Amino acid sequence: MQKDFPVHQLPLVDFLASDQSPAFGPHVPSHRINFYAIVWFLKDGGKHYIDFEEHAVRKNSVYLIGKNQIHSIPATRLPHARTIVFSTTFFDHIEEPYLRQLFFPFHSRGTDIPADMLLPMKHLFELIMLESNTTADRSLLLKYTTILLTYLLRFSKSDFSALATEDNRMLRLFQLLEANYQEHRPASFYARQIGLTPKRVNEILRQKMGTTINGLLNRLLLLEAKRELSHQQYAIKEIAYKLGFSDQSYFARFFKKHTGMAPERFRDQGGSGFGIRAPQ
C-alpha cells in the first residue's frame, strides 16, 4: 500500500524561478505542494498528473498548480521546463481576483502558448528569473507575474476562466464554493450570496460550462475525497464525516458513482493514474 504523499515545501523565500526543471530539490514522483506553481513544458513526451487527472507533457503548454494539489510526474528523468513557484503570501498579493482564480481546482488542463507569442513570453520569463535570482524585489515580481498570468488568461480556452472573467458574480460563486463546499451543500446557499436564484445560476453554468452548482460541489467533494484517501491519515468513515456525508455507505456510493471503484480499492491502489469523472 502506498504511504502518505510527501509535501514539497518552499525554502524560506516567497518566490523562485528556474529554466531547467519543474522540481526544486530532489525529485519525488508524487507529492503535494504547499505553494503555487506555474510549469511551462519545453518538450513533448511523457505524462503528468494533477490531482489524479492525467495530462500529456506537451511542448509550450503551461499548467497552473494550486496549493495542496497533488502533482505527479512518474518518470525517473524530469521533463525540461520553465517553472515559477511562489508562497501563499505572494499569491495573496496578486491584486486581480480573476487571475487568482486561474489556480482554482475546477480545471487543470494546460494552456498552449501561441507560436507568435513564444519569444515575448520567453523574454518575460527571463526577466522574472533575472529578478528572482538577483534583487528579488517583490513589487516588481508581482508586476511581472501579473503580466504573465494575464497573457495565460488571454490564451486560455477554458470555459471556466472565461466565465469567471466575464461575470463577477460567477467569480464570487467559485470563491464561495471552494471555501464552503464541505459545510454547505444546498445550491440556494450559494445563489443567495450572489443575488441570483439557483435556477438562474444553473442556467448560466449549463450554458457556459455544461454543469450546475451541484456538479461543481460534487467535483470538489470528489477531489478532496481522493486527496484524503491517498493521504492515508484518516479511516474511510472519518473521511466521509469530514466531507459532510451522513454515513460511510452514502459516501461509498457517491465515490463509486464518479470513479467506478470503491474508496477501499482506490486507497489500496494508491490513487495514481485514475482520472476524475466530472460530475454534471
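The values are calculated or read from the model by the stated rules, or taken from the named source; none is laboratory data. Everything quoted here is computed from the prediction, not taken from an experiment. Reconstructed Cβ throughout: ideal geometry from the backbone, glycine too, with neighbour counts over all protein chains shown.
Checking residue 215 against (1) touching a residue at least 60 places away in the same chain (Cβ under 8 Å); (2) surrounded by fewer than 18 Cβ atoms within 10 Å (Cβ to Cβ); (3) of a type outside the set (Lys, Arg); (4) not in a helix (DSSP H, G or I), only one condition comes out false. Which one?
Result: residue 215 passes all but (4).
What number of residues in the range 222-265 are in contact (Cβ under 8 Å) with a residue 12 or more places away in the chain and either touching a Lys or Arg at 6+ places or on another chain (Cβ under 6 Å) or assigned by TED's automatic domain parsing to the domain that holds residue 69 (or both)?
Total satisfying the criteria: 3.
Residue 162 - would you say it is in contact (Cβ under 8 Å) with a residue 40 or more places away in the chain, assigned to a loop (DSSP other than H, G, I, E, B) and either in the same structural domain as residue 92 (by TED's automatic domain parsing) or over 18 Å from residue 92 (Cα atoms) (or both)?
Values: in contact (Cβ under 8 Å) with a residue 40 or more places away in the chain: yes; assigned to a loop (DSSP other than H, G, I, E, B): no; either in the same structural domain as residue 92 (by TED's automatic domain parsing) or over 18 Å from residue 92 (Cα atoms) (or both): yes.
Considered against the rule, which asks whether it is in contact (Cβ under 8 Å) with a residue 40 or more places away in the chain, assigned to a loop (DSSP other than H, G, I, E, B) and either in the same structural domain as residue 92 (by TED's automatic domain parsing) or over 18 Å from residue 92 (Cα atoms) (or both), residue 162 comes out as no.
Given the residues 49, 98, which is the only one that is more than 15 Å from residue 155 (Cβ to Cβ) and either buried (at least 19 other Cβ atoms within 10 Å of the Cβ) or at pLDDT below 90 (or both)?
Values: 98 fails: more than 15 Å from residue 155 (Cβ to Cβ).
Testing whether each residue is more than 15 Å from residue 155 (Cβ to Cβ) and either buried (at least 19 other Cβ atoms within 10 Å of the Cβ) or at pLDDT below 90 (or both) leaves just 49.
Can you name every residue in the range 89-99 that is in a helix (DSSP H, G or I) and out of contact with any Phe, Trp or Tyr (no Cβ under 7 Å at 6 or more places or on another chain)? Let's see the steps before the verdict.
Filtering the range 89-99 down to residues in a helix (DSSP H, G or I) leaves 89-92, 97-99.
Of everything in the range 89-99, those that are in a helix (DSSP H, G or I) and out of contact with any Phe, Trp or Tyr (no Cβ under 7 Å at 6 or more places or on another chain) turn out to be 89, 92, 97, 98, 99.
Could you list, in sequence order, the residues of the range 101-131 that are out of contact with any Ser or Thr (no Cβ under 9 Å at 6 or more places or on another chain), farther than 19 Å from residue 61 by Cβ and surrounded by 18 or more Cβ atoms within 10 Å (Cβ to Cβ)?
Correct list: 131 only.
What are the residues in the range 23-41 that are in a loop (DSSP other than H, G, I, E, B), closer than 23 Å to residue 138 by Cβ and at pLDDT below 75, if any? Walk me through it before giving the result.
We begin by selecting, within the range 23-41, every residue in a loop (DSSP other than H, G, I, E, B); these are 23-29, 34-35.
Narrowing further to those that are closer than 23 Å to residue 138 by Cβ: 24-25, 34-35.
Of everything in the range 23-41, those that are in a loop (DSSP other than H, G, I, E, B), closer than 23 Å to residue 138 by Cβ and at pLDDT below 75 turn out to be 24, 25.
Which of the residues belonging to the range 177-193 are touching a helix residue (DSSP H, G or I) at 6+ places or on another chain (Cβ under 6 Å) and surrounded by fewer than 17 Cβ atoms within 10 Å (Cβ to Cβ)?
Going through the range 177-193, the residues touching a helix residue (DSSP H, G or I) at 6+ places or on another chain (Cβ under 6 Å) turn out to be 177, 181, 187-188, 190-191, 193.
Scanning the range 177-193 gives 188, 193.
Since residue 220 meets every condition but one in (1) under 19 Å from the mean Cα position of the chain (by Cα); (2) among the hydrophobic types (A, V, I, L, M, F, W, C); (3) outside any helix (DSSP H, G or I), which condition does it not meet?
Residue 220 satisfies every listed condition except (3).
In the range 176-207, which residue that is touching a Lys or Arg at 6+ places or on another chain (Cβ under 9 Å) and among the polar types (S, T, N, Q) is nearest to residue 242 (Cα to Cα)?
182
So in the range 227-245, with the set limited to residues that are at pLDDT 90 or above and either assigned to a loop (DSSP other than H, G, I, E, B) or in contact with a strand residue (DSSP E or B) (Cβ under 8 Å, 6 or more places away or on another chain) (or both), which one is nearest to residue 103 (Cα to Cα)?
My answer is 243.
Pairs only if they're at least six apart or on different chains, beta carbon under 6 angstrom, first in the range 92-103 and free of Cβ contacts under 8 Å to residues at least 24 places away in the same chain, second hydrophobic (A, V, I, L, M, F, W, C); list them, first residue then second.
100/94
Condition test on residue 77, is it in a loop (DSSP other than H, G, I, E, B) and basic (Lys, Arg)?
Values: in a loop (DSSP other than H, G, I, E, B): yes; basic (Lys, Arg): yes.
Here the answer is yes, as residue 77 does meet what is asked.
Going through 135, 150 one at a time, which residue ends up being in the same structural domain as residue 66 (by TED's automatic domain parsing), in a loop (DSSP other than H, G, I, E, B) and farther than 30 Å from residue 246 by Cβ? Give the derivation first.
Numbers: 150 fails: in a loop (DSSP other than H, G, I, E, B).
After ruling out the rest, the residue left standing is 135.
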